[in-house]
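Read through the structure below, which is laid out as structure tokens, and then see the notes.
The numbers here are math on the coordinates, done by the rules we state, and not lab data. Quick caveat: nothing in here was measured; it's all calculated off a predicted structure. Cβ coordinates were reconstructed from backbone atoms using ideal geometry, including for glycine residues, and neighbour counts include every protein chain displayed.
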Ligand SMILES: [Zn+2]
């Protein structure tokens, strides 16, 4: 639920705002999407229509415009002139958010060397704390590993679990294909 109302008047208002900004009315491409309730509890305000109830944010860019604009589903659909594509992205994000929620409830087993492991989708995830830098964690899945989450070192178990989920269930980027 983006909370946005999709109507002709709504589209006209979005176009009017884009015109005021001197921005292109269509031809925008989605650069990135994210769930703003993933680790925070504040909804996002759509930069185009001002709707304050956006959960899934679509970051849009245009070759002929100097900055990115972050919007909700329907505004994204208007900017790229493809409401269905935007709704499909929203749907994928919603499903992944549900999977993450369930993943966070899983219990990890502690190993003899003090690491934590979880078998998920037939693969083994591991969270281990650095001996050199106590309080810093590394997450690994096979040969993939990371000690960062959202561009920052992982310094608590919950961030490590989020990073583990991102390793095993990366964000859907099919629309870039
Ligand atoms: Zn909007």
Point-to-point label distance, residue 39-residue 102, nm (Cα→Cβ direction, 7 Å offset): 2.3
Sort the stretch 22-91 into rounded, prolate or oblate with this rule: let a ≥ b ≥ c be the square roots of the eigenvalues of the Cα gyration tensor; rounded if a/c is under 1.5, and if a/c is not under 1.5, prolate when a/b is larger than b/c, oblate otherwise. prolate
With a 10 Å cut-off between alpha carbons and a GNM built on the chain, which of 23, 86, 164 moves the most? 23
Cut-off 10 angstrom, C-alpha nodes, Gaussian network model of the chain. Which of 62, 149, 131 fluctuates the most? 131
Exposure proxy check: 103, 165 ranked by fewest other beta carbons within 10 Å? 103, 165
Between helix 83-104 and the chain, what is the angle of the helix's C-alpha long axis to the longest principal axis, kept within 0 to 90° and rounded to the nearest 10? 20
Can you give me the Cα centroid spacing of the stretch 81-104 and the stretch 139-166 in angstrom? 22
For the chain, modelled as a GNM with alpha-carbon contacts under 10 angstrom, which of 81, 113, 144 fluctuates the most? 113
Sticking with the crude label model, points 7 Å out along Cα→Cβ, report the distance from residue 6 to residue 31 in nm, one decimal please. 2.5
Okay, helix-only estimate at 222 nm for the chain: each DSSP H run of n ≥ 4 adds -39500 (n - 2.57), divide by all residues, round to 500 deg cm²/dmol; what do you get? -10000 deg cm²/dmol
Two-site label geometry, residue 131 and residue 150: point separation in nm, points 7 Å out along Cα→Cβ: 3.1
Can I get the semi-axes of the chain's equivalent ellipsoid? Compute them from the C-alpha gyration tensor as square roots of 5 times the eigenvalues, in angstrom, largest first. 38, 15, 14
